[in-house]
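Just below is one structure, and these are the notes that go with it.
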Amino acid sequence: MSIKKKVGLGVASAALGLSLVGGGTWAYFNDEETVSNAFAAGTLDLQVLAFNDGNGALPINFDLSNMKPGDEVTRKFRLYNNGSLAIKDVLLSAKASTTDSDTQLGKFLKQFSVEFINTGTEGGGPHNIVNGEFTLFDLVHNNVGNIDSNYISDNGYINLATIQNSNDDSRIGLPADPRDEDWVKIKITFMETGVNQNEFQGDSANVTFNLEARQWDGVTISEDDPNGTINNGQTRSADGSAQPDPITSP
């Protein structure tokens with residue numbers, strides 16, 4: 001092999017060696033940090049509880065048969081906030097059905113007048129929220145024309161929770177802080193209409209009351225606010241115009 005060829009081979013080997021070095025790993029300085037976050041949801045927990053008059057718990061529901069025009073039935077129960085979030089309102093709705101093929105359900109429901117007496121334990125009372133004739137038919141169909149407008153929610157349903165308290169506005173609705181309850185009394189009467197009601201003999205209806213508790217509006221937490229527990233247990237935790245300090249530092 002000539003000297004010229006030997007030199008050319010050496011240059012090629014050197015170039016190959018450089019390419020191997022250039023394609024390998026290389027070391028560098030590095031530092032990593034993490035930001036830990038925790039998000040915990042509160043609880044919205046409405047409980048419907050019986051009263052105890054000293055002789056035992058009073059019944060909550062209406063479960064009666066063999067009724068006649070002129071009969072009146074009253075039930076009383078407690079609305080208790082057992083969660084960690086304040087309850088803005090408690091909405092009442094109803095559904096009705098019958099298993100009796102002979103029952104004209106709508107006409108039968110119109111035979112029963114309903115009177116609500118609602119009060120918060122802190123707000124005095126009683127506050128009758130019915131301003132005229134109101135029947136089971138009206139309740140099932142959410143006809144609220146004769147309901148005190150102060151007790152009609154923004155979505156048009158009856159609100160059974162405290163709407164005002166001249167002594168302590170912090171108890172509007174059902175706050176969790178301080179722990180709160182309201183009581184509701186309902187009277188239902190099989191009306192005497194003054195006309196023959198024989199067509200309703202033997203009729204029956206199953207009516208279900210539904211109570212829906214709703215939260216207050218969301219609270220806005222800004223970058224200047226400290227960490228901690230959001231004061232969502234308080235009345236008006238956010239109502240679009242006023243709210244308590246959004247969080248309490250741990």
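Read-outs: derived from the displayed coordinates by stated rules, not from any lab. Please read all numbers here as calculations on a predicted model, not as lab measurements. No Cβ is skipped: glycine too gets one built from the backbone with ideal geometry, and neighbour counts run over all protein chains shown.
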| said: If I model a spin label as a point 7 Å beyond the Cα along the Cα-Cβ vector, how far apart are those points for THR43 and THR74 in nm? | reply: 3.4 nm
| query | Could you give me the ³J(HN,Hα) list for the stretch 149-156, computed from phi with Karplus coefficients 6.51, -1.76, 1.60 and θ = phi - 60°, whole Hz, x at Gly and Pro? | reply | 4, 5, 9, 9, 6, 5, 9, x
| query | What is the packing order of peptides 185-197, 59-71, taking the mean over residues of other C-beta atoms within 10 Å and listing the highest first? | reply | 185-197, 59-71
| note | HN-Hα couplings for the stretch 50-61 via Karplus (6.51, -1.76, 1.60; θ = phi - 60°), in whole Hz with x for Gly/Pro, come out as 7, 8, 10, 8, x, 10, x, 5, 7, x, 9, 9
| message | Please list log₁₀ I(q)/I(0) at q = 0.14, 0.15, 0.16 Å⁻¹ for the stretch 46-217, using the Debye equation with identical point scatterers on the alpha-carbon positions. | response | -0.78, -0.88, -0.98
| query | Can you list residues whose amide H is under 5 Å from ASP180's amide H, if they're 5+ apart or on another chain and H is modeled 1.01 Å from N? | reply | ASN81
| Packing-based ranking, highest mean first, of 102-109, 51-58 given that Cβ atoms within 10 Å are counted | 102-109, 51-58
| said: Quick query: amide H of ASN231 versus all other amide H atoms, modeled in the peptide plane; which residues come in under 5 Å with a sequence gap of 5 or more or a different chain? | reply: ILE247, THR248
| Given H placed 1.01 Å from N in the peptide plane, which residues other than close sequence neighbours of ILE129 have an amide H under 5 Å from its amide H? | PHE116, ASN118
| query | With +1 on each Lys and Arg Cβ and -1 on each Asp and Glu Cβ, how big is the dipole of the stretch 46-217 about its Cα centre, in debye rounded to the nearest 20? | reply | 180 debye
